[in-house]
Amino acid sequence: MLHLLKIEWLKIKSYKAFIIILSFFCVGILASNYMVYSVFSNLSTNQDTQVVVQEFNPFKFSGVWQTVSYISGYLLILPAILLIVLVTNEFTYKTSRQNIIDGLSRAQFIGVKILLAFLLALLSVLLVIATGLFFGFRSGTSFEWTKFSNVGYFFLKALSYNLIAVLMAVMIRRTGFAIGVYFIYMGAENIIAQLLDVWSIKLKNANNIDLGSMGDYLPMSASDGLLAFPNNPFKELAKNAMPTEYFGVTLIMVFFYIILASGLSIRSVVKRDL
């Protein structure tokens, strides 16, 4: 597998789209967190909000891992798009067929793409850890591992987004069309998830039936549901009206969708013509 990764690296190391998108992603994680950090810093200097902000500072080490993981999660669309571009290019320029002719098995071909999705998710985690350390120390609080598990949930979200991107790429095999479908699917799922969440609230408040936030059981929404912004006074007020958060169920759904996306991607490459 290391040999296959070396081949993959030779393909992408000088590819401009790879360099540009990955650079935007790296800078974007730091910039987006800095923007939120600046907002809270400015609020802390305001006499009307100073007390509340000092009590609820999401960039203290007690909450920074959750905060940075949540904010950075909004940028995971970038490595997903990068994967779509890299995988669909294999079909557009017939390099997938050439790799098979040169002795690569179909399973190896898709296997290295799935591994690339894993490595990009791992890179995302390393960026989040570095960003968390930067803002945690900048907050002036002592280092601690509280809520570091959110970094693990971030990894699952990144991997989920990446594998769904690989699945769409191997099924559609056209760069522009695949990216378009990915965005359309994200939007459609978000709308459906919101409707399911409203239904969940009605079931709980009107019928006393608590099925949890059903929107979190959809493929991408499940991984989104693993991460939330740190608790704050406004969030606490709305908790009583909201359905129970069945975190364990959501976590199981994420693992299920990761396995499903990987399996369908392998099946698509192994069974279909290249």
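The values are calculated or read from the model by the stated rules, or taken from the named source; none is laboratory data. From a predicted model like this one, the values you see are computed outputs, not experimental measurements. Glycine gets a Cβ as well: all are built from the backbone with ideal geometry, and neighbour counts include every protein chain shown.
Selection of first residues in region 184-197 that are among the aromatic types (F, W, Y) and of second residues that are in a helix (DSSP H, G or I), restricted to Cβ pairs under 9 Å at least 6 apart or on distinct chains, gives the following pairs, ordered by first then second residue: Y185/I164; Y185/M168; Y185/P219; Y185/M220. Residue check: K60 meets all listed conditions (1) surrounded by fewer than 20 Cβ atoms within 10 Å (Cβ to Cβ); (2) at pLDDT 95 or above; (3) of a type in the set (K, R) but one, namely (2).
When you check Y161 against the structure, is it in a helix (DSSP H, G or I), under 30 Å from Y93 (Cα atoms) and not polar (S, T, N, Q), yes or no? Criteria met by Y161.
L75 satisfies every condition listed in (1) touching a residue at least 60 places away in the same chain (Cβ under 8 Å); (2) closer than 30 Å to N57 by Cα except (1). Condition check for F177 on (1) modelled with pLDDT of 95 or more; (2) surrounded by 14 or more Cβ atoms within 10 Å (Cβ to Cβ): one failure, at (2). Scan region 19-44 for residues that are surrounded by 15 or more Cβ atoms within 10 Å (Cβ to Cβ), modelled with pLDDT under 95 and more than 16 Å from L133 (Cα to Cα) and the total you get is 3.
Among the residues of region 57-77, those that are under 16 Å from L126 (Cα atoms), of a type in the set (A, V, I, L, M) and within 12 Å of the chain's Cα centre (by Cα) comprise I71, L75, L76. In the set (1) at pLDDT below 95; (2) part of a helix (DSSP H, G or I), the condition left unmet by L104 is number (2).
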